[in-house]
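**Student:** For reference, the structure I am asking about is given below.
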Amino acid sequence: MMRIKSNNKIAGNIASLSLLQIANYLIPIIVIPFIARSLGVEMIGKVSFAQNIIQYFTIVITFGFDYSATRQIAIHKENHEKVKEIFWSVIVTKIMLLILMFLVFLIISLFYGKIQEDMPLYLCLFMVNIGFTFFPVWFFQGIEEMKSMAIINFLIKLFGTGLSVFFISSPDDYLIFAIMPSISYAVFGLYAFIHVIRKYDLQHSKVSKNSIIEQTELSFPIFLNSFFTTFYTIANLTILGNFDNITNAVLGYYSGAHKIIMCVLMVTSMPIHIAIFPSISRKFAESKKDGIHYLKQMAKYIIVASIVISLLSYLFSPLMVKILLGKEFLPAIPLLKLFSCLPFLVITASLCTVQGLYGLGFQKYAPYVGLICIMLNLYLIPLYGMYGAAISWIISQAIEILISGSIVYIKSKQL
């Protein structure tokens, strides 16, 4: 009975997350056609490149807590005092990282010309990190209350992206497009933070230095993997944008195709992994053999679904570009067709790395996977431009599956 109840809860979490994630990303999908036509290819490219730069600071601020703290909360959720200790240790650490990253951002802006050229744009975008600091996604995931988390995400999209339609009418309105999601994420992130404290009786208590060090050490290997994994997905645009012969229009084509495939990934892969990560963490904590068996069971269904998603993405690539982005973005169609294999690759890679390596306790191997993949960007992008950026991402995901999957297979045989 307990197993049936657990499986039903997971299925319910996946279903509710999927429906709410569809709503979350239905708003941007509805808004993309208007924004793309109002701002134009070049301004979309300019803003997307700036968002890309700010993302590096966000990676450091989140510091892998979305996985490490989720796992800790999931394991200790029946121990209120331990949960409280974990909660405040993570929050205090993230506040310190937010302050540190803002100082680093100001220092870099003194030397990096692209930030100096449009400092207001980068400041508007940096504000989103206030939301990332206080929005306790990891807490909701750990206690398996995904519905509340998804509703707040929906409100962030509704007010941050949905309302853009009423304020943006020309390329000159790009700062409005940049700041509205940042304000929305900051406001609702702080609301979620206060809501969790009140509902789950997590009033502030003294945070010990040892507790902060413990959470930081647990998260550090995951942070390294997240940094390198995210780096080889976002470094494509970073490297692309720093070549003198690459125009804002080229960045716009790449960003347009990237936005579409990310919508597909967020609607499909995110609900699956957010829903199963806590239960897999508990299975591995109880027994590594049980964890591997459970992972294999889930993988059968998830991988088949990801293949179907990739095939549909390929078939509908021309239609999605024409409807969502408009005729100005037609050169992005071949790029989106290349990207269409990513749902299968990203979902499978996450199963091998996040679910498998972390569950077995071999996080230390994960960063090396990303490190190997980063080098591809520097080689392929100068040769093939925006297509090289896409190919780099694809090959990187395939290498991650090969290396992480092999390690999980070998280690599981040794159990």
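**Student:** In nm, to one decimal, how far is the modelled label at GLU81 from the one at ILE99, with both set 7 Å along Cα→Cβ?
**Tutor:** With each label placed 7 Å out from Cα toward Cβ, I get 2.9 nm.
**Student:** If one puts a single equal scatterer on every Cα of segment 47-196 and applies the Debye formula without solvent, what log₁₀ I(q)/I(0) results at q = 0.16 Å⁻¹?
**Tutor:** Debye curve over Cα of segment 47-196, log10 I(q)/I(0) at q = 0.16 Å⁻¹: -0.90.
**Student:** Oh, and also: If I model a spin label at ASP290 and TYR384 as a point 7 Å from the Cα along the Cα→Cβ vector, what separation in nanometres do I get?
**Tutor:** 4.6 nm
**Student:** Convert each backbone phi in segment 178-192 into a coupling constant with the Karplus relation 6.51 cos²θ - 1.76 cosθ + 1.60 (shift: θ = phi - 60°), then list the ³J(HN,Hα) values in order as whole Hz, x for Gly and Pro.
**Tutor:** 6, 7, 4, x, 5, 5, 4, 5, 5, 5, 6, x, 5, 4, 4
**Student:** With θ set to phi - 60° and the Karplus curve 6.51 cos²θ - 1.76 cosθ + 1.60, what are the ³J(HN,Hα) couplings of segment 50-61 in order, to the nearest whole Hz, using x for Gly and Pro?
**Tutor:** Values, residue by residue: 5, 4, 4, 5, 5, 4, 5, 5, 5, 4, 5, 5 Hz.
**Student:** With N set to the residue count of the chain, report its C-alpha Rg divided by 2.2 N^0.38 Å to two decimal places.
**Tutor:** Output field value: 0.96.
**Student:** Kindly report the accessible area of the chain per residue (heavy atoms of protein chains, probe 1.4 Å, no ligands, DNA or RNA), in Å².
**Tutor:** 44 Å²
**Student:** Now for a different question. Which order do ARG37, ARG198, ARG71 take when ranked by solvent-accessible area (1.4 Å probe, heavy atoms of all protein chains), largest first?
**Tutor:** On the way: ARG37 125, ARG198 185, ARG71 60 Å².
Largest to smallest exposure gives the sequence ARG198, ARG37, ARG71.
**Student:** For segment 217-224, what does the Karplus curve 6.51 cos²θ - 1.76 cosθ + 1.60, with θ = phi - 60°, yield as ³J(HN,Hα) per residue in whole Hz, taken in order and with x for Gly and Pro?
**Tutor:** The phi angles translate into 5, 5, 8, 4, x, 5, 4, 4 Hz.
**Student:** Give LYS209/LYS283; LYS288/LYS413; LYS288/LYS411; LYS283/LYS411; LYS157/LYS199; LYS157/LYS259 a once-over and call out the pairs whose C-alpha atoms are over 18 Å from each other.
**Tutor:** Check vs 18 Å cut-off fails for LYS209/LYS283; LYS157/LYS199.
**Student:** Please list, or write none, the aspartates and glutamates whose alpha carbon is within less than 16 Å of the alpha carbon of LYS206, excluding same-chain residues fewer than 8 places away.
**Tutor:** Straight-line reach from LYS206, under 16 Å: GLU81, GLU85, GLU214.
**Student:** Label PHE34 and ILE410 with points 7 Å out from Cα along Cα→Cβ: what is the distance between them in nm?
**Tutor:** With each label placed 7 Å out from Cα toward Cβ, I get 5.3 nm.
**Student:** Residue separation times 0.36 nm, minus the C-alpha to C-alpha distance between LYS300 and LEU330: what's the value?
**Tutor:** Contour length minus Cα-Cα distance gives 7.2 nm.
**Student:** Then there is this: Can you compute log10 of I(q)/I(0) for segment 282-333 with the Debye formula, treating each Cα as one identical point scatterer, at q = 0.16, 0.28 Å⁻¹?
**Tutor:** Calculated log10 I(q)/I(0) at the listed q: -0.61, -0.94.
**Student:** Summing -39500 (n - 2.57) over the DSSP H runs of n ≥ 4 in the chain and dividing by its residue number, what mean residue ellipticity at 222 nm do you reach, to the nearest 500 deg cm²/dmol? Before the final figure, lay out the partial values.
**Tutor:** Working: 16 runs with 342 residues, N = 415.
Using -39500 (n - 2.57) per qualifying helix, the result is -28500 deg cm²/dmol.
**Student:** Same structure again: For PHE231, tell me the accessible area in Å² from a 1.4 Å probe, rounded to the nearest 10.
**Tutor:** 50 Å²
**Student:** Moving on to the next point. Taking every pair of Cα atoms in segment 114-241, average 1/r, invert it to obtain the Kirkwood radius, and report Rg/Rh to two decimals. Before the final figure, lay out each step's value.
**Tutor:** On the way: Rg = 17.7 Å, Rh = 17.2 Å.
Radius of gyration over Kirkwood radius for segment 114-241 works out to 1.03.
**Student:** Follow-up question, since we're still on this one. Pairs of alpha-carbon atoms within less than 8 angstrom and 6+ residues apart define the contacts here; what relative contact order does the chain have, in percent?
**Tutor:** So the answer I get is 24 percent.
**Student:** With only Lys, Arg, Asp and Glu charged, each at its Cβ (+1 for the first two, -1 for the last two), find how big the charge dipole of the chain is about the Cα centre; round to the nearest 20 debye.
**Tutor:** 1260 debye
**Student:** Once you list every other residue whose beta carbon is under 12 Å from the beta carbon of GLN355, what net charge do they have if Lys and Arg are +1 and Asp and Glu are -1? Each step should come with its number before you reach the end.
**Tutor:** Values: positive: ARG71, LYS283, LYS296; negative: none.
Residues close to GLN355 contribute a combined charge of +3.
**Student:** Regarding segment 206-260, what's the average projected area of the Cα-atom convex hull, expressed in nm²?
**Tutor:** For segment 206-260, averaging the hull's shadow over all directions gives 6.1 nm².
The values are calculated or read from the model by the stated rules, or taken from the named source; none is laboratory data. Treat the numbers as computed from the prediction; the structure is a model and nothing was measured. Every residue, glycine among them, receives a Cβ derived from its backbone with ideal geometry; neighbour counts consider all protein chains shown. Just so you know, the surface numbers come from the protein's heavy atoms only, side chains and all, with ligands and any DNA or RNA stripped out. Shrake-Rupley method; radii C 1.70, N 1.55, O 1.52, S 1.80 Å.
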